[in-house]
Amino acid sequence: MKSCLIVDDSKVIRMVAKKILSELEFATVEAEDGQQALDACKAEMPDAVLLDWNMPVMNGIDYLRELRKLPGGDKPVVVFCTTENDIEHIQEAIEAGANEYIMKPFDSEILQAKFAQVGLLD
Amino acid sequence: MKPDDFDYVAQMLKTRSGLVLTKDKSYLLESRLMPVARKRGFKGLEELVAQLRRRDESLAQDVTEAMTTNESFFFRDMKPFEQFRDVVLPNLLKARASKKSFRIWCAAASSGQEPYSLAIILKEAAAKMPGWRIDIVGTDISREVLQKARAGLYSQFEVQRGLPIQLMVKYFKKKEDQWEIDPSLRAMVQYKEWNLLSDLKALGTFDVIFCRNVLIYFDQATKGKVLENMSRQLTDDGVLYLGGAETVLGISDKFKPIPGQRGVYAVNKPGAPAGAPSLGTGS
């Protein structure tokens, strides 16, 4: 079973994502901000990270840059999932090492398609 | 819906588009036609059918469109596009090296995602084909979806369905709350309103035909007829792509499956040797 870290300050979004990911047979771990996510990754690297951008304490892009510096931090497949939907943000995310990018609002079909594209679904 | 109203609409759809609507699909009829009824100010489907019976051509066209339009997404099912990119395209570049051109037909182009996905593949491979001329023709029975295809404007939901983010950033620009495809891709596809049950000759000959998730709506006889007509528009070494739930087996002997290539079919010429070349065969 693959693992996915869900990083979002909204409890509702985490719940929705968890439900979809459970159906795709992922074990999920949750974090409310970038710092919590970083701590979770230091404890155990997930296979995938579903990542919000705007969060208190540490935002998604800063977290991603820190993650990629960690030993083994190049392994997790990171999928941004944010309301930021302009080309500049998307490019910044790709340059920081994001593998895919979902623009909110999203549904299970989009999440599933994006996860399939980055090879997370068998 | 009253049974004779259902029969009337089902018969009309069969004649106009080949769509076979069985009784168990009456929910589909109701869910698709209610918006048409509302748009035209009818109180319900009974009024809509009454107006259809008065031979209202524009309403008949709207109803046909509403029933035959299907949601589409970029690189749908992925595999056929990978097969095209990795097997058929390299074969085409060899087999058509002297004339440097080939033609692709998307027989149910819908709102353009399939032809544009192929245009993206060709654009990504452009360095391998300098000076080549490639036609992509997209046809559909629905005028409304073709307008959308020509405009090349997609909602945020649509642009995320199947399109990898790198390709989206590369080939789409944000335009208010929609995403617009790059004009260079739009220029690669020519759209034509066409009914697959009508004469196909004027479309010309193609090297590759994509006809995915269309035959499922037809009855056996219509499937056979469409396949036979399409086989005449395909070069001898051409390939046909069908949807994952579709097959030619038991329906038409004009095509044969290509071993190991699911959903891809070669032309079956009577008397042709077993090893006759096909663009769909991997080396």
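Can you find a residue that is assigned to a loop (DSSP other than H, G, I, E, B), among the small types (Gly, Ala, Ser), within 16 Å of A:Ser3 (Cα to Cα) and within 13 Å of another protein chain (Cβ to nearest Cβ) anywhere in segment A:114-121? Give the derivation first.
Just the residues of segment A:114-121 that are assigned to a loop (DSSP other than H, G, I, E, B), to begin with: A:118-121.
With among the small types (Gly, Ala, Ser) added as a condition, the list becomes A:119.
Next cut, within 16 Å of A:Ser3 (Cα to Cα) only: A:119.
Okay, now just the ones that are also within 13 Å of another protein chain (Cβ to nearest Cβ), so A:119.
The answer is yes, given that some residue of segment A:114-121 is assigned to a loop (DSSP other than H, G, I, E, B), among the small types (Gly, Ala, Ser), within 16 Å of A:Ser3 (Cα to Cα) and within 13 Å of another protein chain (Cβ to nearest Cβ).
Listed residues B:Ile120, B:Ile165; which is in the same structural domain as B:Pro183 (by TED's automatic domain parsing), surrounded by 20 or more Cβ atoms within 10 Å (Cβ to Cβ) and over 23 Å from B:Gly243 (Cβ atoms)? Full working, then the answer.
Working: B:Ile120 fails: over 23 Å from B:Gly243 (Cβ atoms).
Going through B:Ile120, B:Ile165 in turn, just one is in the same structural domain as B:Pro183 (by TED's automatic domain parsing), surrounded by 20 or more Cβ atoms within 10 Å (Cβ to Cβ) and over 23 Å from B:Gly243 (Cβ atoms): B:Ile165.
Within the set B:Thr222, B:Thr235, B:Thr247, the sole residue that is surrounded by fewer than 20 Cβ atoms within 10 Å (Cβ to Cβ), touching a strand residue (DSSP E or B) at 6+ places or on another chain (Cβ under 6 Å) and at pLDDT 90 or above turns out to be B:Thr235. From the list B:Lys173, B:Lys99, B:Lys128, the one residue that fits, being free of Cβ contacts under 8 Å to residues at least 12 places away in the same chain, away from every other protein chain (no Cβ under 14 Å), among the basic types (Lys, Arg) and surrounded by fewer than 23 Cβ atoms within 10 Å (Cβ to Cβ), is B:Lys99. Within segment A:62-101, the residues that satisfy the criterion of being free of Cβ contacts under 8 Å to residues at least 24 places away in the same chain and within 13 Å of chain B (Cβ to nearest Cβ) are A:Asn85, A:Asp86, A:Ile87, A:Glu88, A:Ile90, A:Gln91, A:Ile94, A:Glu95, A:Asn99, A:Glu100, A:Tyr101. When B:Glu144, B:Glu158 are screened for being of a type in the set (Asp, Glu) and within 14 Å of another protein chain (Cβ to nearest Cβ), only B:Glu158 passes.
Tell me whether segment B:168-179 contains one or more residues that are among the polar types (S, T, N, Q) and either more than 21 Å from the chain's Cα centre (by Cα) or part of a loop (DSSP other than H, G, I, E, B) (or both).
Within segment B:168-179, one or more residues are among the polar types (S, T, N, Q) and either more than 21 Å from the chain's Cα centre (by Cα) or part of a loop (DSSP other than H, G, I, E, B) (or both).
What are the residues in segment B:1-45 that are outside any helix (DSSP H, G or I) and of a type outside the set (Gly, Ala, Ser), if any? So that I can check it myself, show each step before the final result.
First, pick out the residues of segment B:1-45 that are outside any helix (DSSP H, G or I): B:1-2, B:18-22, B:40-44.
Within segment B:1-45, B:Met1, B:Lys2, B:Leu19, B:Val20, B:Leu21, B:Thr22, B:Arg40, B:Phe42, B:Lys43 meet the criteria.
Checked against (1) in contact with a Lys or Arg (Cβ under 7 Å, 6 or more places away or on another chain); (2) at positive phi, A:Gly72 meets all criteria but (1). Here segment B:135-151 is the region considered, the condition is being surrounded by 20 or more Cβ atoms within 10 Å (Cβ to Cβ) and of a type in the set (Gly, Ala, Ser), and the residue that is modelled with the lowest pLDDT is B:Ser142.
The values are calculated or read from the model by the stated rules, or taken from the named source; none is laboratory data. Because the structure is predicted, anything quoted here is derived from the model rather than measured. With ideal geometry, Cβ positions are generated from the backbone for all residues, glycine too; neighbour counts draw on all protein chains shown.
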